[in-house]
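The structure appears below as structure tokens.
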Amino acid sequence: MPHIVDLSLRLVWPIDLLVFDNDSMLIVESTQRTSPFSIDRNMVGQRWPILMTSSGRAYLAHVAAHERSSIVERLRNRDTAEGELARDSRGPRLMVKQVRQAGCATREGGLFPHTKSISVPVVAKGQVTGCLTIVWIASALTLEEGAMRFATELKSAAALIVADLERDGEPGDRSAPTGEMCVAPHCIADAAKRKR
């Protein structure tokens, strides 16, 4: 995907594109293979929890309220650390408020204590079609420094992806030009299905 490749070249740290799939965040595209600061070169196809990752938090904070409630309710039924977080009735609500106010979601420590990340939603035609995430080594930058350096750039890349989606019309209207990755929602969904 040209926009995340260009962004990763400018920022050097790896960028991932994730979609919501089966109550988790699925990496469908990544610059981990090409970034000189790659954390793990085999990220495409990996699934991450919603409440414990910046991409999941960004997604959850920007979906419709009824969808958010359904997701959190399903997560509450899990006998996992994420289920425990979902059962804290105030936790998800406070997180959503903070993410919406900031315009991006963050993660420090947790599942990946050696890294930090920031994510922004890709919202096209009122729907969250995915999330862009940048990941860096925790010792390289504080979360505040990362937010100052990366949040605006991520939002700009998300806006470019949205422009592509809007230019291409509704899902199924047309395919991407030969040799380019399709960024329409149906293509993102197809990529998610292939990685299951």
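At a glance:
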| quantity | calculated |
| --- | --- |
| Relative contact order of the range 58-178, pairs being alpha-carbon contacts under 8 Å that are 6 or more residues apart, as % | 20 |
| Quarter of Cα convex hull surface for the range 88-147, i.e. mean projection, nm² | 4.9 |
| Radius ratio Rg over Rh of the range 36-140, counting only Cα atoms, Kirkwood formula for Rh | 0.96 |
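Laboratory data are not the source of any read-out in this text; all were calculated from the coordinates shown. Since we're looking at a predicted model, the values are computed, not measured.
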